[in-house]
1. Using protein chains only and a probe of 1.4 angstrom, how many square angstrom of Ser147 are accessible, to the nearest 10?
2. Keeping all protein chains in the complex and leaving out DNA, RNA and ligands, what accessible area do you get for Glu75 with a 1.4 Å probe, in Å² to the nearest 10?
3. Write down the accessible area per residue of the range 299-357 in Å², having rolled a 1.4 Å probe over the full set of protein chains.
4. Given 0.36 nm per residue, what is the gain on full extension from Asp30 to Lys362 after removing their alpha carbon distance, in nm?
5. So what are the ³J(HN,Hα) numbers for the range 362-368, from phi and the Karplus equation (6.51, -1.76, 1.60; θ = phi - 60°), rounded to whole Hz, Gly and Pro as x?
6. What does the charge add up to near Ile206, with Lys and Arg as +1, Asp and Glu as -1, over the other residues with Cβ less than 11 Å from its Cβ?
7. Mind ranking Thr21, Thr149 by accessible surface for me, highest first, 1.4 Å probe?
8. Within the range 344-374, what residues put their amide N at less than 15 Å from the label point 7 Å along the Cα-to-Cβ vector of Lys315?
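The values are calculated or read from the model by the stated rules, or taken from the named source; none is laboratory data. Just so we're clear, the structure is a prediction, and the values are computed from it rather than from any experiment. Every residue, glycine among them, receives a Cβ derived from its backbone with ideal geometry; neighbour counts consider all protein chains shown. Side chains included, ligands, DNA and RNA excluded: accessible areas come from the protein's heavy atoms. Shrake-Rupley method; radii C 1.70, N 1.55, O 1.52, S 1.80 Å.
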Amino acid sequence: MAEWVIGASATQVSQVEDETTKRLARIWRDLLGMSSIGLNDNYFDLGGDSPLAVQLFVQIEKVFKVKLPLATLFEAPTIEELAQILRGEAQTLGWSPLVPIQTEGSRPPFFCVHPHRGNVLIYRDLSKHMGSDQPLYGLQSHGLDGSCTPLSRIDEMAALYIREIRRVQPHGPYFLGGYCMGGIVAYEMAQQLWACGERIGFLGMIDSINWTGVRPPSIWEASYNNCQRLMFHIANVLSLDLAERVKFLREKVNAVRGRIPVWRSQLVDKIYNRSSPSVSEARLLGQIWDANTRACLDYAPQPYPGVIIDFRPLKQYRGYDNPQLKWDRLAQGGQEIVVLPVNAPGMLAEPFVKHLAVALRKSIDAAMSRIGTR
């Protein structure tokens, strides 16, 4: 990491600045596959996504010896802004599970919990399509900054995230949701808030399954699911025009590239029985993935007195249609099912994410009308 030198000349400082941006630009070009990138070009506008950001921050850690949380990209999405943080010139917001994604707008804030991979960059495109008048905050996994051990219980995560959202909104009605595991945590948050006497205006479960009593998949079951995932991707691609196909395929290739270092670190941890002294970004994410998976499998949800909105893909994985995995028997206030025209797991990927954004906004509008919130 570049450091300030007391008494350094303007020329010396300029050289340090140039070297920082040059190194960052080289990393960005390699990862994004571009020959030229401007210092003020936005990472997301260049096609960067959540999985590729893992690779980006692994490289930043190697080159600058600095560990930054992935959500730093919301604060500093350009090379110049990221360089300022690395030089210590810009004040960061400090690490927190609560990540402001879109803070403007007169509508009630929508708090969206992370999926099992722990970070919330995945919700940026969703926020963009929901409109500039819809505040949206993400809740990222505890321990993503490497300062503490990841939580492995859903109720503990929910209690922590409730404390965080109350810094933005002290009292309800609360509008909560989350993708995959995020829906499960949002469900428990709604339970705890309800028990405290708070109102829940909206609870959206986005492709979330009730894992009570489900055992971890065998090697054969996992292999079958991976084959299904490939078929779903093919079906999603075939529904697009040529330009959208290229964009979608690029995003999926980047997703795989971003996950490779995490998978590698998980394999190393298993081989060395977690005795490796490395604390890299990839290894940290692998530990969070494992902790979040255990938390989902161990969670036993209780009946919920409110309404649940269940957002589902057109086709789900084999076995996911098991009634035991659904929420209708727990939703004492009733359940509404919204089926989107996309196969799992493309609900949050461009260009399909716009369908989810439209459905969420419509459901939030209905909830606002129902409870009289403006």
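1. Surface accessible to solvent at Ser147 totals approximately 90 Å².
2. About 70 Å², ignoring ligands and nucleic acids.
3. On a per-residue basis, 43 Å².
4. The span from Asp30 to Lys362 would gain 115.5 nm if fully extended.
5. 3J(HN,Hα) across the range 362-368, in whole Hz: 5, 5, 5, 4, 5, 5, 4.
6. Neighbour charge sum, excluding Ile206 itself: -1.
7. Thr149, Thr21
8. 344-347
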